[in-house]
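Okay, structure first, notes after.
The values are calculated or read from the model by the stated rules, or taken from the named source; none is laboratory data. Since the model is a prediction, treat every value here as computed from it, not as a measurement. Cβ coordinates were reconstructed from backbone atoms using ideal geometry, including for glycine residues, and neighbour counts include every protein chain displayed.
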Amino acid sequence: MTEMYIIENVEARYPKIDTTYVWKDNPDKNSEKKGRSEPCDPSETGAEYSIQFRMDNATAKKLFMAMSEIYQANRQQKWAEKLANPFVKDDDGTFIGKAAIKGKYKNGLTVPPMQLDSQGNKLASDFQLTTGSTVNVAVQFNPYDGFGGQGVNLWVKAVQVIKLVPRKDHNPFGTVDGGFTIEDANPFA
């Protein structure tokens, strides 16, 4: 195993680290919706904790160089000469990465990623991080050979929330004329 690596000051995307999640296909084959990620038991097949993150070019380059170093240190003769770039370049010039860890491996259940505030205080186990929040992500590199190739997985170990973006409630309705409106219940307004 390798030391922790901290990916600093990145934007959280689709964080699923409060519990394990698994992808469920839509049972309605005629629907345009492909499926969705749902909370699940850590021992369920495909269960994982995961977080995608958006990073600038300098951060992506530094992370890739560290991953390449680990890859070369663990490279076997049959492995590809160089580590393939695992990041996706977005239209705005930033890069998208992903860190994940399965809910269960052969030796048992994994420890959920720790979630901390900006001062290092542990957050509640049911805290749900929101997309768009600024975070630091602690990962452990895991070089592998399998799934049709070789690479370096980023196992998410902890997330530090630097700036939390409030969760937005989705209102499917617009405004309409007439009808019921809530009155200001505050007599001191």
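What to note about this one:
- Qualifying positions in segment 126-149 - buried (at least 17 other Cβ atoms within 10 Å of the Cβ), hydrophobic (A, V, I, L, M, F, W, C) and either in contact with a helix residue (DSSP H, G or I) (Cβ under 8 Å, 6 or more places away or on another chain) or more than 11 Å from residue 165 (Cα to Cα) (or both): 137, 138, 139, 141
- Within segment 99-117, considering residues that are within 28 Å of residue 86 (Cβ to Cβ) and assigned to a loop (DSSP other than H, G, I, E, B), the one modelled with the lowest pLDDT: 107
- Hey, residue 70 of a type in the set (A, V, I, L, M, F, W, C), in contact (Cβ under 8 Å) with a residue 60 or more places away in the chain and not in a strand (DSSP E or B) or not: yes
- Members of segment 119-137 that are part of a loop (DSSP other than H, G, I, E, B) and at negative phi: 119, 121, 123, 124, 125, 126, 127, 128, 129, 130, 131, 133
- Residue 50 free of Cβ contacts under 8 Å to residues at least 24 places away in the same chain, within 26 Å of residue 166 (Cα to Cα) and under 14 Å from the mean Cα position of the chain (by Cα): no
- Qualifying residue in segment 126-141 (condition: out of contact with any His (no Cβ under 9 Å at 6 or more places or on another chain), without any contact (Cβ under 8 Å) to a residue 24 or more places away in the chain and not acidic (Asp, Glu)): no
- Of all residues in segment 145-161, exactly one satisfies the criterion of being of a type in the set (Phe, Trp, Tyr) and free of Cβ contacts under 8 Å to residues at least 24 places away in the same chain, namely 147.
- Qualifying position, being over 16 Å from the mean Cα position of the chain (by Cα) and part of a strand (DSSP E or B), among 82, 24: 24
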